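Participant: Take this structure, written in C-alpha coordinates, and hold onto it; I'll ask about it next.
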Amino acid sequence: GESVCAEPLLATDHTAGCDPHKHHGAHVTHECLFWITISILSLFQAELLFLIYLLGMHFFKVPLYVFDLVIVTISLVLELVFHFYLYPEVTDTLPGILIIVRCWRFVRIGHGLVVSTYEVGEHAQMEIIFSSVEHIRKLEMI
(Lines give C-alpha, C1' and ligand atoms only; values in the text may rest on other atoms or scores of the structure.)
Protein backbone atom coordinates (compact mmCIF):
# COMPACT_ATOMS: atom_id res chain seq x y z
CA GLY A 1 0.00 0.00 0.00
CA GLU A 2 0.86 3.63 -0.14
CA SER A 3 2.94 5.12 2.61
CA VAL A 4 1.15 7.49 4.94
CA CYS A 5 3.75 10.04 3.86
CA ALA A 6 3.91 9.96 0.05
CA GLU A 7 5.25 13.52 -0.09
CA PRO A 8 6.82 15.80 2.52
CA LEU A 9 4.58 18.33 4.24
CA LEU A 10 6.63 21.28 2.98
CA ALA A 11 9.49 21.42 0.53
CA THR A 12 12.20 23.03 2.69
CA ASP A 13 15.84 22.45 3.54
CA HIS A 14 14.84 21.43 7.06
CA THR A 15 14.47 17.80 8.09
CA ALA A 16 10.96 18.36 9.49
CA GLY A 17 8.26 16.77 7.44
CA CYS A 18 7.01 13.32 6.73
CA ASP A 19 9.77 10.78 6.33
CA PRO A 20 8.50 7.23 5.74
CA HIS A 21 11.56 5.86 7.57
CA LYS A 22 10.92 7.89 10.71
CA HIS A 23 8.27 7.06 13.27
CA HIS A 24 7.98 3.43 12.24
CA GLY A 25 5.58 2.78 15.14
CA ALA A 26 3.10 5.34 13.79
CA HIS A 27 3.16 3.74 10.35
CA VAL A 28 2.66 0.26 11.82
CA THR A 29 -0.19 1.54 14.01
CA HIS A 30 -1.80 3.20 10.99
CA GLU A 31 -1.62 -0.05 9.02
CA CYS A 32 -3.02 -2.09 11.95
CA LEU A 33 -5.91 0.33 12.44
CA PHE A 34 -6.66 0.21 8.73
CA TRP A 35 -6.97 -3.59 8.82
CA ILE A 36 -9.07 -3.47 12.00
CA THR A 37 -11.42 -1.03 10.22
CA ILE A 38 -11.61 -3.35 7.20
CA SER A 39 -12.36 -6.32 9.50
CA ILE A 40 -15.18 -4.49 11.29
CA LEU A 41 -16.70 -3.23 8.05
CA SER A 42 -16.45 -6.75 6.58
CA LEU A 43 -18.32 -8.17 9.59
CA PHE A 44 -21.05 -5.54 9.18
CA GLN A 45 -21.21 -6.32 5.45
CA ALA A 46 -21.45 -10.08 6.12
CA GLU A 47 -24.23 -9.46 8.67
CA LEU A 48 -26.21 -7.38 6.16
CA LEU A 49 -25.72 -9.91 3.36
CA PHE A 50 -26.87 -12.69 5.71
CA LEU A 51 -29.97 -10.60 6.53
CA ILE A 52 -30.67 -10.24 2.81
CA TYR A 53 -30.35 -14.02 2.46
CA LEU A 54 -32.71 -14.63 5.39
CA LEU A 55 -35.28 -11.91 4.68
CA GLY A 56 -35.17 -11.92 0.89
CA MET A 57 -36.96 -8.97 -0.65
CA HIS A 58 -38.44 -8.02 2.76
CA PHE A 59 -34.96 -6.68 3.63
CA PHE A 60 -35.43 -3.87 1.11
CA LYS A 61 -38.77 -2.86 2.66
CA VAL A 62 -36.97 -1.68 5.83
CA PRO A 63 -35.38 1.70 4.99
CA LEU A 64 -32.82 1.55 7.82
CA TYR A 65 -31.53 -1.84 6.63
CA VAL A 66 -31.06 -0.41 3.14
CA PHE A 67 -29.42 2.70 4.61
CA ASP A 68 -27.00 0.50 6.59
CA LEU A 69 -26.23 -1.58 3.50
CA VAL A 70 -25.44 1.52 1.44
CA ILE A 71 -23.27 3.13 4.14
CA VAL A 72 -21.33 -0.02 5.01
CA THR A 73 -20.75 -0.92 1.35
CA ILE A 74 -19.62 2.60 0.45
CA SER A 75 -17.39 2.77 3.53
CA LEU A 76 -15.73 -0.56 2.77
CA VAL A 77 -15.15 0.25 -0.90
CA LEU A 78 -13.84 3.75 -0.19
CA GLU A 79 -11.52 2.57 2.61
CA LEU A 80 -9.95 0.06 0.23
CA VAL A 81 -9.78 2.46 -2.72
CA PHE A 82 -8.33 5.28 -0.59
CA HIS A 83 -5.77 3.00 1.00
CA PHE A 84 -4.50 1.32 -2.14
CA TYR A 85 -5.15 3.76 -5.01
CA LEU A 86 -5.52 7.38 -3.92
CA TYR A 87 -3.20 9.97 -2.44
CA PRO A 88 -2.97 10.62 1.31
CA GLU A 89 -4.49 14.10 0.93
CA VAL A 90 -7.79 12.46 0.01
CA THR A 91 -7.56 9.77 2.68
CA ASP A 92 -7.12 12.38 5.40
CA THR A 93 -10.36 14.27 4.69
CA LEU A 94 -13.15 12.36 2.97
CA PRO A 95 -13.42 9.32 5.27
CA GLY A 96 -14.14 11.67 8.18
CA ILE A 97 -17.53 12.31 6.65
CA LEU A 98 -18.25 8.58 6.53
CA ILE A 99 -17.21 8.16 10.17
CA ILE A 100 -20.04 10.48 11.18
CA VAL A 101 -22.51 8.49 9.09
CA ARG A 102 -21.18 5.20 10.54
CA CYS A 103 -21.92 6.52 14.02
CA TRP A 104 -25.58 6.40 13.01
CA ARG A 105 -25.38 2.61 13.37
CA PHE A 106 -24.33 2.93 17.02
CA VAL A 107 -27.08 5.47 17.65
CA ARG A 108 -29.56 2.95 16.26
CA ILE A 109 -28.16 0.18 18.48
CA GLY A 110 -28.43 2.45 21.52
CA HIS A 111 -31.98 3.41 20.58
CA GLY A 112 -32.89 -0.25 20.16
CA LEU A 113 -31.54 -1.06 23.62
CA VAL A 114 -33.50 1.80 25.19
CA VAL A 115 -36.73 0.80 23.43
CA SER A 116 -36.26 -2.87 24.37
CA THR A 117 -35.58 -2.00 28.00
CA TYR A 118 -38.64 0.26 28.08
CA GLU A 119 -40.87 -2.43 26.55
CA VAL A 120 -39.63 -5.09 28.99
CA GLY A 121 -40.24 -2.72 31.91
CA GLU A 122 -43.67 -1.79 30.62
CA HIS A 123 -44.57 -5.46 30.18
CA ALA A 124 -43.46 -6.21 33.76
CA GLN A 125 -45.55 -3.28 35.06
CA MET A 126 -48.62 -4.51 33.19
CA GLU A 127 -48.19 -8.00 34.69
CA ILE A 128 -47.97 -6.48 38.18
CA ILE A 129 -51.08 -4.36 37.56
CA PHE A 130 -53.11 -7.33 36.25
CA SER A 131 -51.90 -9.50 39.11
CA SER A 132 -52.84 -6.78 41.63
CA VAL A 133 -56.30 -6.37 40.11
CA GLU A 134 -56.80 -10.14 40.26
CA HIS A 135 -55.73 -10.25 43.92
CA ILE A 136 -58.04 -7.34 44.78
CA ARG A 137 -60.99 -9.15 43.15
CA LYS A 138 -60.19 -12.30 45.14
CA LEU A 139 -60.02 -10.26 48.35
CA GLU A 140 -63.36 -8.60 47.58
CA MET A 141 -64.97 -12.04 47.23
CA ILE A 142 -63.87 -13.01 50.74
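The values are calculated or read from the model by the stated rules, or taken from the named source; none is laboratory data. Everything numeric here is computed off the predicted structure, so don't read it as measured data. Just the protein is used for accessible areas: all its heavy atoms, side chains included, with ligands, DNA and RNA removed. Shrake-Rupley method; radii C 1.70, N 1.55, O 1.52, S 1.80 Å.
Participant: When the solvent-accessible surface of protein heavy atoms is calculated with a 1.4 angstrom probe, in what order do MET126, MET141, MET57 fall, highest first?
Facilitator: From most accessible down to least: MET141, MET57, MET126.
Participant: How large is the accessible surface of ILE74 in square angstrom, using a 1.4 angstrom probe and rounding to the nearest 10?
Facilitator: 70 Å²
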